[in-house]
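Participant: I'd like to ask some things about the structure below.
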């Protein structure tokens, strides 16, 4: 549907790209990145609000790189919503229909459909849009963006100013819009939970470049670069060397500890790599509890050094007995209550091979310290 | 608390002095003002022509200034272009130049090739309405540009961009979003520009002179009356000018309160 090829532009000192992205029909792509990574600039360039320096934007195989924004048939929901304060709710919603010269009957039908879908019946007669609540404004702005019947919708952090409950309701509405109306969505956000909840595909954008793109699981569990791993809050990163490439392409890794981890193309014995595991993927076992054979691999004795309580989970800061290496283990509150760990308790941890990721390392940075600094 | 009171008094005292000073200026007219004389003066042809000329010239110069200032101010508020800072500074020139000097510059410009071409087309300045309008326009256009630029800058660019993506052309977005959102700023700019134009004296006298019934506006008629010690006429003209100015200032305040 929309294809972005080698797109680059600049705004002041900031350079975007070159970026390649492909969004299929009716799909949902989230672009996840920290503030200042160029997400909005990317959208503005695709929409024709900023001129590209290089590259092309294709919409259904038509080159739209140099055509005016109003001819691109892309709808846009910006972070601040940009409702028109001099127009009432209904005129705001119908603005696109009026200026795209939509048939009256069609726009009335779409209006009614959207009023149903977004629960807007009680708001449609409101005169002053500035008196709407945050969630109401979001729904009106979304209806305004959808009424012209776009095939592509660009969202720029639309829920960043909302409280958690309203945000979740609107996220579910967006999923309905994507699935029921068949609108393809390109959604940029810095909110990891939102990106993984909504995006069928997730692209990680850091410093103006797309660093990795893939399915939710690929991005979450198999980061391809250390930047991506760190941005996605991978706390447990180990600096290791490949000791052996096993017949099943797994790697035997060593440093202060030995690990068996998944392999990757081009892995050679003696190469330095980063291995990591998400804190919620670590299995913890009581010291004397019998365990099945599947947990014997990468099994270590450890001690609880600290316990940090968050809203819905706890993080156990543990130290491996054999080398004093620190690990963070995330446990849901219910599990924590059942297990009842306290500081100083002994336990066993299993870093299952299938939960580990590995990345070749070329620079000489201290991986362990940088990763643990993220949490503490 | 005593410290708060001292602070309030420090701030309020200069305000009281200023208010007293301006009241003194306005009320000092009353010593020379008599209603029968005022009514008698109002029937005088020269006062009629001064009022008419002032109203026509101020309205025309305001209209021209606003028509040129709206796009210029928008361009300054929204676009980046080479020499923008220079243009911005140049437009501010009438703010810092005394109107007399500005009038001199206008007269000199009429001796350039451009001025001569315009003269050949019949656009002469001395002792003409065109001269009065051009002098007023030159002085007031900066006010319009400055006020409108601020007004456009306060409008969220994102609203214009969203309108474009909803099907508006750049002109459509300007017409349907920018202008309605800037309407109060535009109205305030029109009123203040008009108020400044009707009170303009220095540049008008330099460019168009003070021919009675031809180019003598309200301010230049006051000057003429005072120069021949015709106090009743001067007072009448001042009262008219003060009334018009106060009316305009109250109008602006009302508009700004609604913003």
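Participant: Relative contact order, percent, of the stretch B:141-259 when contacts are C-alpha pairs under 8 Å separated by at least 6 residues? Can you show the working numbers first?
Facilitator: On the way: 78 pairs, mean separation 30.1, N = 119.
Dividing the mean separation by the residue count of the stretch B:141-259 yields 25 percent.
Participant: Can you give the helix-only mean residue ellipticity at 222 nm for chain A, where every DSSP H stretch with n ≥ 4 adds -39500 (n - 2.57) and the sum goes over all residues, rounded to the nearest 500 deg cm²/dmol? Present the calculation step by step, with values, prior to reporting the outcome.
Facilitator: Numbers: 10 runs with 98 residues, N = 376.
Result for chain A, helices only: -7500 deg cm²/dmol.
Participant: Using a 10 Å cut-off on Cβ to Cβ distances, tally the other chain neighbours for every residue of A:84-95 and report the average as a whole number.
Facilitator: Values: counts 9, 5, 7, 3, 0, 0, 0, 0, 1, 0, 1, 7.
Mean number of neighbouring Cβ atoms from other chains: 3.
Participant: A further question follows. Which of B:108, A:336, A:205 comes first, and how do the rest follow, when ranked by fewest Cβ neighbours within 10 Å?
Facilitator: On the way: B:108 10, A:336 17, A:205 24.
Taking fewest neighbouring Cβ atoms as first place, the list is B:108, A:336, A:205.
Participant: Could you work out how far helix A:134-146 tilts from the main Cα principal axis of chain A, as a 0 to 90 degree angle to the nearest 10?
Facilitator: The angle comes out near 70 degrees.
Participant: What is the Cα convex hull volume of the stretch B:38-257 when expressed per residue in Å³? Walk me through the numbers before you get to the answer.
Facilitator: Values: hull volume 31.6 nm³, N = 220.
Residue-normalised Cα hull volume stands at 144 Å³.
Participant: Compute a Gaussian network model of chain B, connecting alpha carbons closer than 10 Å, and tell me which residue from B:232, B:219, B:14 fluctuates the most.
Facilitator: B:14
Participant: Also: Let me know the mean shielding of A:71-81 by other chains, meaning the per-residue number of their Cβ atoms within 10 Å of its Cβ. Please list the in-between numbers first.
Facilitator: On the way: counts 3, 2, 2, 1, 4, 6, 2, 6, 1, 4, 4.
That average works out to 3.
Participant: Still on this model: Quick check on the stretch A:77-185: take the gyration tensor over C-alpha atoms, sort the square-rooted eigenvalues as a ≥ b ≥ c, and tell me if it's rounded (a/c under 1.5), prolate or oblate.
Facilitator: Values: a/c = 1.56, a/b = 1.14, b/c = 1.36.
Verdict is oblate for the stretch A:77-185.
Participant: If the stretch A:2-221 were replaced by its equivalent ellipsoid, with semi-axes equal to the square roots of 5 times the Cα gyration tensor eigenvalues, what would those be, largest first, whole Å? Don't skip to the end; give the middle numbers.
Facilitator: Numbers: eigenvalues 158, 79, 52 Å².
Semi-axes, largest first: 28, 20, 16 Å.
Participant: Would you mind listing how long the stretch B:89-165 runs along its three principal axes, going by Cα atoms, in whole Å with the largest first?
Facilitator: 50, 28, 21
Participant: Report the Cα centroid-to-centroid distance between the stretch B:37-80 and the stretch B:126-204 in angstrom, as an integer.
Facilitator: 14
Participant: Moving on to the next point. Where a ≥ b ≥ c are the square roots of the eigenvalues of the C-alpha gyration tensor, would you call chain A rounded, which needs a/c under 1.5, or, failing that, prolate if a/b is larger than b/c, or oblate?
Facilitator: Values: a/c = 2.82, a/b = 1.83, b/c = 1.54.
Here chain A falls in the prolate category.
Participant: Order by neighbour count: A:99, A:301, fewest other Cβ atoms within 10 Å first, most last.
Facilitator: Numbers: A:99 19, A:301 12.
Listed from fewest to most nearby Cβ atoms, that is A:301, A:99.
Participant: Connecting C-alpha atoms closer than 10 Å in a GNM of chain A, tell me which of A:214, A:292, A:340 has the biggest fluctuation.
Facilitator: Result: A:292 has the largest fluctuation of those listed.
Participant: How big is the stretch B:142-259 by Rg and Dmax over its Cα atoms, in Å?
Facilitator: According to the Cα coordinates of the stretch B:142-259, Rg and Dmax are 20.1, 66 Å.
Participant: Helix A:104-117 sits at what angle to the longest principal axis of chain A, using alpha carbons and giving 0 to 90 degrees rounded to 10?
Facilitator: 30
Participant: Next question. Taking Cα centroids, how far is the stretch A:200-238 from the stretch A:127-147 in Å?
Facilitator: 33
Participant: Could you run the Debye sum over the Cα atoms of the stretch B:159-227, one equal point scatterer each and no solvent, and tell me log10 of I(q)/I(0) at q = 0.15, 0.17, 0.19, 0.21 Å⁻¹, two decimals?
Facilitator: Summing over Cα pairs of the stretch B:159-227 leads to -0.62, -0.67, -0.75, -0.83.
Participant: Still on this structure, I have one more. Per the Kirkwood treatment, what hydrodynamic radius in Å, one decimal, follows for the protein assembly as shown from the mean inverse distance over all distinct Cα pairs? Kindly include the intermediate steps, with their values, before the conclusion.
Facilitator: Details: mean 1/r = 0.0322 Å⁻¹.
It is 31.0 Å.
Participant: Rank these for me by crowding, B:110, B:194, going from fewest to most other beta carbons within 10 Å.
Facilitator: Ordered from fewest to most neighbouring Cβ atoms within 10 Å, B:110, B:194 come out as B:110, B:194.
Participant: Now for a separate question. Pick out which of A:165, A:189, A:260 has the largest mean-square fluctuation in a Gaussian network model of chain A, springs linking Cα atoms closer than 10 Å.
Facilitator: A:165
Participant: Divide by every residue of chain B the summed helix terms, -39500 (n - 2.57) for each DSSP H run of at least 4, and state the resulting mean residue ellipticity at 222 nm, rounded to the nearest 500 deg cm²/dmol. Intermediate results must be reported in sequence, preceding the final value.
Facilitator: Working: 14 runs with 198 residues, N = 259.
For chain B, the value works out to -24500 deg cm²/dmol.
Participant: Using Cα-Cα distances under 8 Å and only pairs 6 or more residues apart, what relative contact order does the stretch A:2-221 have, in percent? Mind dumping the intermediate values first?
Facilitator: Values: 401 pairs, mean separation 70.0, N = 220.
So the answer I get is 32 percent.
Participant: Over chain A, calculate the relative contact order: mean separation of alpha carbon pairs under 8 Å at least 6 apart, over the residue count, as a percent.
Facilitator: Working: 734 pairs, mean separation 60.0, N = 376.
This gives 16 percent for chain A.
Participant: Taking the C-alpha atoms of the stretch B:15-140, how large are the radius of gyration and the largest Cα-Cα span, Dmax, in Å?
Facilitator: Every Cα atom of the stretch B:15-140 included, Rg and Dmax give 20.1, 61 Å.
Participant: Separate question: Rounded, prolate or oblate: which fits the stretch B:13-58 when a ≥ b ≥ c are the square roots of the eigenvalues of the alpha-carbon gyration tensor, with rounded for a/c under 1.5 and prolate only if a/b beats b/c? Write down the numbers at each step before the final one.
Facilitator: Working: a/c = 6.28, a/b = 1.76, b/c = 3.57.
Oblate, because a/c is 1.5 or more while a/b does not exceed b/c.
Participant: Something else about it: Quick check: Cα centre of the stretch A:38-101 to Cα centre of the stretch A:261-296, how many Å?
Facilitator: 47
Participant: Please give the helix A:89-99 orientation as an angle from the longest Cα principal axis of chain A, in degrees from 0 to 90, rounded to the nearest 10.
Facilitator: In chain A, helix A:89-99 runs at an angle near 80 degrees to the longest axis.
Rule-based calculations on the coordinates, nothing more; no lab input. These numbers were taken from a predicted model, which means no experiment stands behind them. Glycine gets a Cβ as well: all are built from the backbone with ideal geometry, and neighbour counts include every protein chain shown.
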